[in-house]
Amino acid sequence: MIVRRTALVERSSEQMFDLIEAAEHYPRFLPWCTSATIVSRDDALVSADLHVRWAGARFEMRTRNPKQRPGFMAIHLEHGPFRRFEGEWRLVALRPDACKVAFSLDYEFDRAWMTAAAGPVFDR
């Protein structure tokens, strides 16, 4: 599955980048994320463990994400129930208080039933 989304937001690219990069806060606003823990973080990379629950499906995954604040973060799967899971965030400043956010994700679950049960999480 390939997901591509763009949005114009009234937040700076720095603010949006900080929101995207702060996976430890995902359970506060992503209903499918039951917990998230930062494994490592520095100026060039963030790695996080995410616990997902949606429509009866439960799984854990770890991503390792190279980043360049405030304009780019890649998404690479370290482990989880996927054959493929790669994506990226791109942020372009439009004004000091606005930016364009572009997100892309290419994923495939290991098992077909997972696509039916949990696929909608990543399509949102």
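Data for the structure
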{"quantity": "Some residue of the stretch 63-82 being hydrophobic (A, V, I, L, M, F, W, C) and touching a His at 6+ places or on another chain (Cβ under 9 Å)", "calculated": "no"}
{"quantity": "Residue list for the stretch 84-112, filter: over 13 Å from the mean Cα position of the chain (by Cα) and open to solvent by 40 Å² or more (accessible area, probe 1.4 Å)", "calculated": "Arg84, Val92, Ala93, Leu94, Arg95, Pro96, Asp97, Lys100, Glu108, Asp110, Arg111, Ala112"}
{"quantity": "Condition check for Pro120: closer than 23 Å to Ala7 by Cβ and modelled with pLDDT of 90 or more", "calculated": "no"}
{"quantity": "Filtered residue count, the stretch 48-73, keeping only those that are among the small types (Gly, Ala, Ser), over 11 Å from the mean Cα position of the chain (by Cα) and on the phi < 0 side of the Ramachandran plot", "calculated": "2"}
{"quantity": "Only listed residue being touching a residue at least 40 places away in the same chain (Cβ under 8 Å), among the charged types (D, E, K, R), open to solvent by 30 Å² or more (accessible area, probe 1.4 Å) and not in a helix (DSSP H, G or I), chosen from Arg58, Arg5, Arg53, Arg64", "calculated": "Arg5"}
{"quantity": "Tally of residues being under 20 Å from Gln15 (Cα atoms) and open to solvent by 40 Å² or more (accessible area, probe 1.4 Å) across the stretch 31-50", "calculated": "5"}
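The values are calculated or read from the model by the stated rules, or taken from the named source; none is laboratory data. It should be emphasised that the depicted structure is a prediction, and the values quoted were computed from it without experimental measurement. Note: ideal-geometry Cβ built from the backbone for every residue, glycine included; neighbour counts use all protein chains shown. Calculation scope for accessible area: heavy atoms of the full protein, side chains included, ligands and nucleic acids excluded. Shrake-Rupley method; radii C 1.70, N 1.55, O 1.52, S 1.80 Å.
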